[in-house]
Amino acid sequence: MQTGKPIIVHMPIDSVESLEEAKLPPGAARAIVRVIANHVTEAVSHLATKDDLEEFKVAMKRDAAEFRTEMRQEFADFHAEMRREFAEFQAEMRREFAELRIEVQRQMFKWFLAFLGVMLPAYTSLAFFVVQYVKK
């Protein structure tokens, strides 16, 4: 079976004869065949050719390669941004923990001084009473 215009060239002869055998006037038969041939020609003109498909395939491969390149770049940028943000977060946490350690040390020193302030007089009084008891 032939493709493209050769089918359309052979079609009118058979179609005209068939329509004339159906007792249609020759002018009407030719007009019907012409309309059908025009519709077929129009439909065939919209079909993709092998070249069209090959161009589409090449374009899709190119688009896919560009997309992969863009995605790799975006992921690389994202990775770099996450590393930078993590480094900033890590530095901030180290600074905050250092500040917390200093604050805890200050509070511990205050509690130690408070403990000494309470316990020193108590031990002094106890020592005084022990010395008084031993003297007797």
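The values are calculated or read from the model by the stated rules, or taken from the named source; none is laboratory data. As the structure is a computational prediction, the values presented were derived from the model and not from experiment. Reconstructed Cβ throughout: ideal geometry from the backbone, glycine too, with neighbour counts over all protein chains shown. In case anyone asks, the SASA skips ligands and DNA or RNA and just uses the protein heavy atoms, side chains included. Shrake-Rupley method; radii C 1.70, N 1.55, O 1.52, S 1.80 Å.
Quick look at the values:
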{"quantity": "Within the stretch 18-29, considering residues that are assigned to a helix (DSSP H, G or I) and surrounded by 12 or more Cβ atoms within 10 Å (Cβ to Cβ), the one modelled with the highest pLDDT", "calculated": "ALA29"}
{"quantity": "VAL104 open to solvent by less than 80 Å² (accessible area, probe 1.4 Å), among the β-branched types (Val, Ile, Thr) and part of a helix (DSSP H, G or I)", "calculated": "yes"}
{"quantity": "Those residues of the stretch 74-87 which are of a type outside the set (Phe, Trp, Tyr) and open to solvent by 100 Å² or more (accessible area, probe 1.4 Å), in sequence order", "calculated": "GLU74, HIS79, ARG83, ARG84"}
{"quantity": "Residue among ALA37, ALA43 that is of a type in the set (Gly, Ala, Ser), closer than 30 Å to SER18 by Cα and either touching a residue at least 24 places away in the same chain (Cβ under 8 Å) or surrounded by 10 or more Cβ atoms within 10 Å (Cβ to Cβ) (or both)", "calculated": "ALA37"}
